[in-house]
Amino acid sequence: MSETTVAEVMAELAALEDPKMREANERRGDDHGVNLSKLRAVAKRLKTQQGLARELWATGDTAARLLALLICRPKAFERDELDAMLRESRAPKVHDWLVNSVVKKSPHAEELRVAWSADADPVVASAGWALTTERVAKKPEGLDLSGLLDTVEAEMKDAPDRLQWAMNHTLAQIGIEHAEHRARALDIGERLEVLKDYPTPPNCTSPFAPIWINEMVSRQGKA
């Protein structure tokens, strides 16, 4: 498949376009109409192709960018390249896949985490907080957890939606993973009431931090 061209892939993606899927996705801010299972099947066939991934990304098309993230080699991107890609990623699904599937596997993840967390753009900052959540769970050594809770307490209530969601995830993760900070994390969640009334499907855990923390602690036997 090394000779696959961007034009061929774009034609294939166009053939997979489903107007109803696009309508549903656009309600979430994602401007594409390709079923993600079918997109993953295309990626599986193409396998890893870094050059093609870069070309697909350059089209600016959301479905093409999602496919690019599935066939790329995460460690092959330079730090500034990932920074530019994130700032171009306004579709939520592209943003999420870039952070979770690519940046987290990059040797530049920590440097970008620090830079993005302090960025004035709340969408960029939300990526920094997503990387911070990952560190809280997997590599907390060196993190100032009390300082993170200070920032959440001061800023989460009035943060824009995507940044608020990411900060709330960090708050919950601190409460879940770090018993010494759990009481404060629960208290912050109770007082700020962020996502308290978020509609949660049956058999799913509420994103309201106190419920989320208590449920996961109970499930994991961490009490």
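A compact table of results
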| read-out | value |
| --- | --- |
| Residue among 63, 68, 24 that alone is at pLDDT below 95, outside any loop (DSSP other than H, G, I, E, B) and of a type in the set (Gly, Ala, Ser) | 24 |
| Hits in the range 154-205 (condition: without any contact (Cβ under 8 Å) to a residue 12 or more places away in the chain, more than 27 Å from residue 116 (Cβ to Cβ) and surrounded by 12 or more Cβ atoms within 10 Å (Cβ to Cβ)) | 187, 200 |
| Test set (1) assigned to a helix (DSSP H, G or I); (2) of a type in the set (Val, Ile, Thr); (3) open to solvent by 70 Å² or more (accessible area, probe 1.4 Å) - residue 102 fails condition number | (3) |
| Pick from the range 32-91, criterion more than 24 Å from residue 22 (Cα to Cα) and free of Cβ contacts under 8 Å to residues at least 12 places away in the same chain, ranking: surrounded by the most Cβ atoms within 10 Å (Cβ to Cβ) | 81 |
| In the range 1-46, the residues that are farther than 20 Å from residue 96 by Cα and touching a helix residue (DSSP H, G or I) at 6+ places or on another chain (Cβ under 7 Å) | 1, 4, 6, 9, 10, 12, 13, 16, 46 |
| Residue under evaluation residue 119, criteria (1) part of a helix (DSSP H, G or I); (2) free of Cβ contacts under 8 Å to residues at least 24 places away in the same chain; (3) within 17 Å of the chain's Cα centre (by Cα), criterion not met | (1) |
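The values are calculated or read from the model by the stated rules, or taken from the named source; none is laboratory data. Quick caveat, the model's predicted, so the values are computed rather than measured. Heads up, the Cβs are rebuilt from the backbone with ideal geometry, glycines too, and the neighbour counts pull from every protein chain shown. Ligands, DNA and RNA are stripped out before the accessible areas are found, and what is left, the full protein with its side chains, is counted by its heavy atoms. Shrake-Rupley method; radii C 1.70, N 1.55, O 1.52, S 1.80 Å.
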